[in-house]
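Engineer: Following this message is one structure expressed as structure tokens.
Every number here is computed from the coordinates shown, using simple stated rules; none is lab data. None of these values were measured; they are calculated from a predicted model. Backbone-built Cβ (ideal geometry, glycine too); neighbour counts: all protein chains shown.
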Amino acid sequence: MRRYIALALTILVCSSCSAFAPAAGLAGVASVPSASVGGRLLYVRNGSVEELSSAGTKEIAKADPNKGSYAMPAWSPDGGQIAYMIRQKNFSDIGLMSADGAGQTLLTRDENSVIDNNLWAAMPAWSPDGKHILYSSDQGKSGANIDLRIWLMTLATRRAATVTTPDFQAGGDADASFRPGHPDQLVYTRWSYETNGTAAYSTLVLYNLTTQERFALTPTKDTDFQPAWSPDGKTLAFIRRGQASDELYAAAVPVNITADLTLPATLLESGVNAQPCWSPDGSELAYISENNNQFDLYQVGVSTAPTISAHGKPTQLTNDGIDATSRPSWTR
């Protein structure tokens, strides 16, 4: 059982941890030591949450052997709070803290004295009104059915309801986020097995909370994951797996979808990349990339109209290595 949990976390939490070749697409990167960004950008280094802004870099929450290591911080819509994952050896929880790291409280309680009864929770994402949080968890697992599924928690009551039912032992459902401007729509990554049952792949799925309809946005022949909405809700950035790469793509998403479709996607950056997130004004993408066997944070300018394209060279924002589980989050 623990083997399948480890598999799910390896696939969903640390998508670029395999031993790929260095990111060839970064040959022309403009490296700026101690670079700054517009707004506030969260990431994780050595299990501690850090913030990068025009004022420089500061530590928000420090990893503690007694509390665990942080991962996947996510700004609330108003920038006043941070949802996060905190991980111990055999379990993880979702928590909340203020913007300065104070007032930390757990939303889940996943530790159990029986190891196989521990739970894993990860990938928190806020609703547009700040009243709910999406996350992935193996809560509700039974027997061999332990895949991560997406849950929606109401913060006022701390009650959570399941949103998805994952494919059996494929890894689970992950990376859920609400569509800006359309609070009844969310996107997530669905991991499945090929018909011969030997290889896993993932598709991006659009789910309507009102109608409970689900439509694939990408084809099964590709492996697409880690979708991130642009602030206007019109464009998805995501990662597409290649032979020895995880490439950064973006695609325009129609508002009214009534059937499975294949979004025409544009390649923005090659290499070994992960966890894209948009700047608050939608003009740039931050993402994790591997270069010389080290993960760091980069940003690249992006145009979405009249067509999608990257402009300028990527800028390196960190140069000392960050955690692959950072899942950066950007606010004003």
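Engineer: Compare the peptides 284-297, 91-104 by average per-residue count of other Cβ atoms within 10 angstrom and give them in order, highest first.
Structural biologist: Numbers: 284-297: 21.7, 91-104: 17.6.
For the peptides 284-297, 91-104, the packing ranking is 284-297, 91-104.
Engineer: Does the chain come out rounded, prolate or oblate by the C-alpha gyration tensor, with a ≥ b ≥ c the root eigenvalues, rounded set by a/c under 1.5 and, if not, prolate when a/b is larger than b/c and oblate if not? Numbers along the way, then the final one.
Structural biologist: On the way: a/c = 1.30, a/b = 1.10, b/c = 1.18.
Rounded shape, in that the Cα axes give a/c under 1.5.
Engineer: Rg over Rh of the range 64-128, using C-alpha atoms and the Kirkwood radius, what does it come to? Write down the numbers at each step before the final one.
Structural biologist: Values: Rg = 12.2 Å, Rh = 12.2 Å.
A ratio of 1.00.
Engineer: Here's something else I'd like to know. Using the Cα centre as the reference, give the magnitude of the dipole from point charges on the C-beta atoms of the chain (Lys, Arg: +1; Asp, Glu: -1; all else neutral), rounded to the nearest 20 debye.
Structural biologist: Details: 25 positive and 32 negative charges, 81 e Å.
It comes to approximately 400 debye.
Engineer: At a 10 angstrom cut-off on C-beta neighbours, averaged per residue, how do the peptides 302-315, 133-146 rank from highest to lowest?
Structural biologist: Highest to lowest by the protection proxy: 133-146, 302-315.
Engineer: Once the piece of chain linking Thr211 and Asp320 is laid out straight, how much longer is it, given 0.36 nm per residue of separation minus the C-alpha distance between them?
Structural biologist: Values: separation 109, 0.36 × 109 = 39.24 nm, distance 4.63 nm.
Stretched fully, the Thr211-Asp320 segment lengthens by 34.6 nm.
Engineer: Per-residue ellipticity at 222 nm for the chain, helices alone: DSSP H runs ≥ 4 residues times -39500 (n - 2.57), over residue total, nearest 500 deg cm²/dmol?
Structural biologist: Working: 1 runs with 11 residues, N = 332.
-1000 deg cm²/dmol, from helical runs alone.
Engineer: Sticking to Cα atoms, compute the Rg of the range 269-332 to one decimal and its Dmax as the biggest Cα-Cα distance, whole number, in Å.
Structural biologist: Using the Cα atoms of the range 269-332, the pair Rg, Dmax is 11.8, 37 Å.
Engineer: State the number of lysine pairs found in the chain whose Cα atoms come within less than 25 Å, restricting to pairs 8 or more positions apart or on distinct chains.
Structural biologist: Working: Lys58/Lys67; Lys62/Lys89; Lys67/Lys89; Lys67/Lys141; Lys89/Lys141; Lys131/Lys234; Lys221/Lys234; Lys234/Lys313.
Within the chain, the lysine pair count is 8.
Engineer: Of the listed peptides 272-280, 41-49, what is their order by residue-averaged count of other C-beta atoms within 10 Å, with the highest listed first? Don't skip to the end; give the middle numbers.
Structural biologist: Working: 272-280: 24.2, 41-49: 22.2.
Put in order of decreasing packing, that is 272-280, 41-49.
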